[in-house]
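Just so it is clear, none of the values below were taken in a lab; they were calculated from the coordinates. All values reported here derive from a predicted model rather than from experimental measurement. Backbone-built Cβ (ideal geometry, glycine too); neighbour counts: all protein chains shown.
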Amino acid sequence: MRSKLIAGNWKMNTSWEEAKSLFNSVNEFPSNNKSMAVCVPACYLAGLCPAHPNLSVFAQDCSAHEKGAFTGEISAAMLASLGVKGSLVGHSERRQYHNETSELLKRKVDQLLANKLTAIYCIGETLEERNNELHFATVTKQIEEVIGHLSSTQMKNIVIAYEPVWAIGTGVTASNDQAQEMHAHIRSFLKTTFGEVANDIQILYGGSMNAANAQALLACEDVDGGLIGGASLKVADFEFIYNA
Ligand code: PGA
C-alpha cells in the first residue's frame, strides 16, 4: 500500500535565517499518515540534517560524477554522509536552464542509488507537447531514457514527480482528470517495464499545487502526494496541504 508524500521544493529561496525558521515550523507539524520532505538549497543541507523522523531532507540536485576534480559539484556520497535522504533529479528548471540531458540524468540517478539514496525523478511535458498530443509519449520517453535500465528492486528507491512544465510556477494547475489520467498512464507504463513493484512506487503531482486545489488532486487514485514549490515557502499553506 502506498503512503502519501508531501514534498516542498524551496528552489533558490530563503536566507539561512528564513530557512531555519521555515524548517523548524515544518518540523513541528503534528504528524499524520503522510510523510513529508523538503528539498532545500545545497548550502543549508548540513545545517538542517537530521530532521524529525517524519520529515526527510532532500537536495535539489547532485553530481553525475562519483568524486574528484569537478569544481562546484556535490556528490551523492557527500549527501549520504550528511544524512540527506536523496535528491530531486531532472527538475524541468534544470533541464531547461542547465541543459540537462537524459544521459546526464541517468548517471545522477545511478550515483544516488549507488549511495543508497532516493531519487525523486521529475518528468513532464511542455504546453506545446500537450497541445500536439505528445504528452504521454514525452513522459514515457523520459522514464525509459533515465530509469528504464533499473531493476525492480532499484525502483524501490525511486519516486516519480509528474510536473507538467506549463503548470510550474504559473498558477495554472492540471485538472484532477488530467492529473489522474497521466498518473495512471505512468503507473501502467511502470507496470509493463518493472512489474508489480509499480503498485508501490509513489507518483507525486507538481505544478501550482496549493491550499485550494491540493485536497482534490491528492484524492485522485494514482496521485500519491505532491511536489510543491511556491506554496512550500508559506508555513500555513504547506501545513494545509500536508493535512489535505
Ligand atoms: P510550483 O513549483 O508549486 O511553484 O508550481 C513546483 C515545482 O517546481 O516543483
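In table form, for the structure just shown:
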{"quantity": "Single match in L104, L48, L82 (criterion: touching a Phe, Trp or Tyr at 6+ places or on another chain (Cβ under 8 Å) and away from the ligand (no atom under 15 Å from the Cβ))", "calculated": "L48"}
{"quantity": "Residue list for the range 83-103, filter: hydrophobic (A, V, I, L, M, F, W, C) and under 23 Å from G169 (Cβ atoms)", "calculated": "L88, V89"}
{"quantity": "Sole exception among (1) exposed (fewer than 14 other Cβ atoms within 10 Å of the Cβ); (2) within 16 Å of the ligand (Cβ to nearest atom) for N199, by number", "calculated": "(2)"}
{"quantity": "Considering residues of the range 47-72 that are in contact with a strand residue (DSSP E or B) (Cβ under 7 Å, 6 or more places away or on another chain) and assigned to a loop (DSSP other than H, G, I, E, B) only, the residue surrounded by the most Cβ atoms within 10 Å (Cβ to Cβ)", "calculated": "C62"}
{"quantity": "Residue satisfying condition, being touching an Asp or Glu at 6+ places or on another chain (Cβ under 6 Å), of a type in the set (A, V, I, L, M), closer than 27 Å to W10 by Cβ and not in a strand (DSSP E or B), within set A211, A179, A236", "calculated": "A211"}
{"quantity": "Which numbered condition D222 misses (of (1) away from the ligand (no atom under 11 Å from the Cβ); (2) at positive phi; (3) touching a residue at least 12 places away in the same chain (Cβ under 8 Å); (4) part of a loop (DSSP other than H, G, I, E, B))", "calculated": "(2)"}
